[in-house]
Amino acid sequence: MLQLFNTLTGKREPFEPIEPKKVRLYVCGVTVYDYCHIGHARSALVFDVLRRYLEYSGYHVTFVKNFTDVDDKIIKRAHEQGVTCEAITTKYIDAYHEDMGKLGVRPASVEPKATEHMADMIELTGTLIKKGLAYHIDGDVYFDVAKYPEYGRLSKRRLEDLQAGARVDVDERKRHPMDFALWKSSKPGEPSWPSPWGAGRPGWHIECSAMSIRHLGETFDIHGGGMDLIFPHHENEIAQSCGATGKEFARYWIHNGFVQINQEKMSKSLGNFFTIREIFEKSKWSSDVTGEVLRFFLLSTHYHGPLDFSDRAIDEAKQVLEGFYGLFNRLRERDGRTEDDKSLQSVIDKTREGFKSSMDTDLNTPMAIAELQLLRGEVNRLLGVGLSAQGRQDALQAFRELGAVLGLFQLDRWEYGIKAEPGHNQISGSEIESKLVERREAKKRKDFTRADAIRKELNALGITIEDKPDGTSRWKR
RNA sequence: GGCGCCGUACCCAAGUGGUAAGGGAGCAGUCUGCAAAACUGCGAUGCGGCGGUUCGAACCCGCCCGGCGCCUCCA
């Protein structure tokens, strides 16, 4: 049974959905004013894997991931570039899909935008005022945290402990320094919508409450996001939602750790971030390979902890994947050995169980990967003895099946080496094949000098040769 | 000041009371004309430090050291 670490309780708990076999999942997406970096990728990937694993476990998952498309930073960016906010948000929503697509992140079931839910947000804000949990001043509406006794239960903070104004001046008009905006009056030139409190736009937190309630209902199963959202964003969402509905909001709160560079959080303000597209552009490998390498890297650490991004870590991820894809290639080849798949099935079954129990343990992807690595070793060993065509097919299928849960191992062909640069050192597959024929003949004549020369020549072009027992060779680049 | 995360071998990384998974690198070996790949063997008497609880602790408790994050927007 799946256990998840719930930030709300600070414990690992068995996961039980409200409705049997159905899961309603909401994840905070991104504010679309710039390209996504690896940190965004990690978050997206964690919840993509959670969704995949829930589906693998037989649940029907309704997965909602929003886009914040009305925000100060978007307005600022639009002004800087002299374009409309919509031009900015459209551009970066498209970029989001493109970048995440390369990482194999599946689109959510619903991807709502804040601007499409104005009525819901206005209604929710109105309800909070009516209930006395929010107040209205000069066209702005604030949530009254003092009126909500449970405030701080997610982030485990007490209002008295919060050092308001530590880094930002407190708005004097607010009743409590921690009161946050539900609705902001708009200045000239800013996007605005009509409301009972005058023309304005919603605060950040209210959109997630409105969209999650709209698409998943007042109480749903899982709410996720990066750890930096625990406070104040998710704390505020709980206050608004529970305050308005009087019901429980999300039951399980899941938060992923940060990607770091040299032990420091990757963030815009520190300027130490790499965008996803930047990494693909700079990568010396093909797009498919780069995507899977990145994906493997991001899943090789438990989602809750920090993850240090480095070239070295990326190279290692590639190396490990090559080990897997090398095996897959060998599994696809016919070989003339004696067949002996006796223990194969039990090895696969054992792996499947180990994989599931790893994933059941708070989505322990590193442990799940370790199970696959164990299987890799076992299958390699068995392949050395000899596997039937069926056995090889079964093994391949097991890797595909379990890999799919992590979004790995789905490539038909793995490009081992570096991206071909236009007009530089290109050699076609058929040219390689003819070189290999020549080399094979040289080997037959025991002309090893010639054979080695050909191998060296191909090596120089980034082609690695592996000689098979039957005298033929396989190659990879 | 408050809240929280993290510290496991050369590197990455699991393990939340029962005696240190897995991978990478390295070294040695098997196979090979030689390679490559694969396989086999070797590698922490110890899990930041010091105390404590326990028959037993990397895992629980206390103190300390070090790194990081949040308390403004941030995945």
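The values are calculated or read from the model by the stated rules, or taken from the named source; none is laboratory data. Quick caveat, the model's predicted, so the values are computed rather than measured. For neighbour counting, all protein chains shown are included, and Cβ atoms are generated from backbone atoms with ideal geometry for every residue, glycine included. Heavy atoms of the whole protein, side chains included, go into the accessibility calculation; ligands, DNA and RNA do not. Shrake-Rupley method; radii C 1.70, N 1.55, O 1.52, S 1.80 Å.
Find the all-direction average of the projected area of the Cα convex hull for segment A:3-261, expressing the result in square nanometres with one decimal place.
14.3 nm²
Find how much the distance from A:V385 to A:H304 grows on full extension, using 0.36 nm per residue of separation minus their present alpha carbon separation; answer in nm with one decimal.
So the extension gain works out to 25.1 nm.
To the nearest 20 Debye, how big is the dipole of segment A:425-477 about its Cα centre, given +1 on the beta carbon of each Lys and Arg and -1 on that of each Asp and Glu?
Its charge dipole is roughly 140 debye.
Please report, as a whole percent, how much of the solvent-accessible surface of chain A comes from carbon and sulfur atoms (probe radius 1.4 Å).
50 percent
Work out, step by step, the length gained on full extension between A:E86 and A:S357: first 0.36 nm times the residue separation, then minus their alpha carbon distance; give nm to one decimal.
93.0 nm
Taking the Cα-to-Cβ direction at A:K131 and at A:H60 and moving 7 Å from each Cα, how far apart do the two end points lie in nm?
If labels sit at A:K131 and A:H60, their model points lie 2.9 nm apart.
Which of the listed residues, A:G224, A:M121, A:A250, is farthest toward the dipole's positive end in chain A, when Lys, Arg count +1 and Asp, Glu count -1 at the beta-carbon?
Result: A:G224, furthest along the dipole toward the positive end.
Charges on Cβ only, +1 for Lys and Arg, -1 for Asp and Glu, centred on the Cα centroid of chain A; of A:S310, A:V64, A:Q426, which one is farthest towards the dipole's positive end?
A:Q426
What whole-number value in Å² describes the accessible area per residue of segment A:283-406 for a 1.4 Å probe?
On the way: 5410 Å² over 124 residues.
Per residue, segment A:283-406 has 44 Å² of solvent-accessible surface.
Rounded, prolate or oblate, given the Cα gyration tensor of segment A:283-406, with a/c below 1.5 counting as rounded?
oblate
Report, in degrees rounded to the nearest 10, the 0 to 90 angle that the Cα long axis of helix A:344-360 makes with the longest principal axis of chain A.
20 degrees
Assuming R0 = 41 Å, what is the FRET efficiency of A:K22 and A:L374, from their Cβ-Cβ distance, to the nearest 0.05?
The computed FRET efficiency comes out at 0.80.
Nearest 10 degrees is fine. How inclined is helix A:287-299 to the longest principal axis of chain A, computing both from alpha carbons?
60 degrees
Whole-Hz Karplus ³J(HN,Hα) for segment A:227-244, in order, using 6.51 cos²θ - 1.76 cosθ + 1.60 and θ = phi - 60°, x for Gly and Pro?
So the Karplus estimates, Gly and Pro as x, are 4, 5, 8, 4, 10, x, 3, 6, 4, 5, 4, 5, 4, 5, 5, 5, x, 6 Hz.
In square angstrom, what is the accessible area per residue of segment A:7-161 with a 1.4 angstrom probe?
43 Å²
Estimate the FRET efficiency between A:D171 and A:K268 by the formula 1/(1 + (r/R0)^6), using the beta-carbon distance for r and 25 Å for R0, to the nearest 0.05.
0.55
What dipole magnitude, in Debye to the nearest 20, does chain A give about its Cα centre under +1 on Lys/Arg Cβ and -1 on Asp/Glu Cβ? Please list the in-between numbers first.
Values: 69 positive and 72 negative charges, 221 e Å.
Using only the charged Cβ atoms, the result is roughly 1060 debye.
What accessible area, in Å² to the nearest ten, does a 1.4 Å probe give for A:W193?
60 Å²
Computed over the Cα atoms of chain A, what is the ratio Rg over Rh, Rh following Kirkwood? Please report the intermediate quantities before stating the final value.
Working: Rg = 27.1 Å, Rh = 25.4 Å.
On the Cα set of chain A, Rg over Rh gives 1.07.
Place a +1 charge on the Cβ of each Lys and Arg in segment A:283-406 and a -1 charge on the Cβ of each Asp and Glu, then give the dipole magnitude about the Cα centre in debye, rounded to the nearest 20.
Using only the charged Cβ atoms, the result is roughly 280 debye.
Given the pairs A:K102/A:K456; A:K73/A:K187; A:K76/A:K184, which are separated by over 26 angstrom at their Cα positions?
On the way: A:K102/A:K456 34 Å; A:K73/A:K187 15 Å; A:K76/A:K184 16 Å.
Pairs exceeding the cut-off: A:K102/A:K456.
What's the angle, to the nearest 10 degrees (0 to 90), between helix A:448-460's Cα axis and the longest principal axis of chain A?
20 degrees
Between A:K156 and A:E248, what's the calculated FRET efficiency when r is the beta-carbon distance and R0 is 22 Å? Round to 0.05.
0.75
To the nearest Å, what is the center-to-center distance of segment A:177-203 and segment A:49-93, using C-alpha atoms only?
21 Å
Among A:Y26, A:Y35, what's the order by accessible area (1.4 angstrom probe), most exposed first?
Solvent-accessible surface, decreasing: A:Y35, A:Y26.
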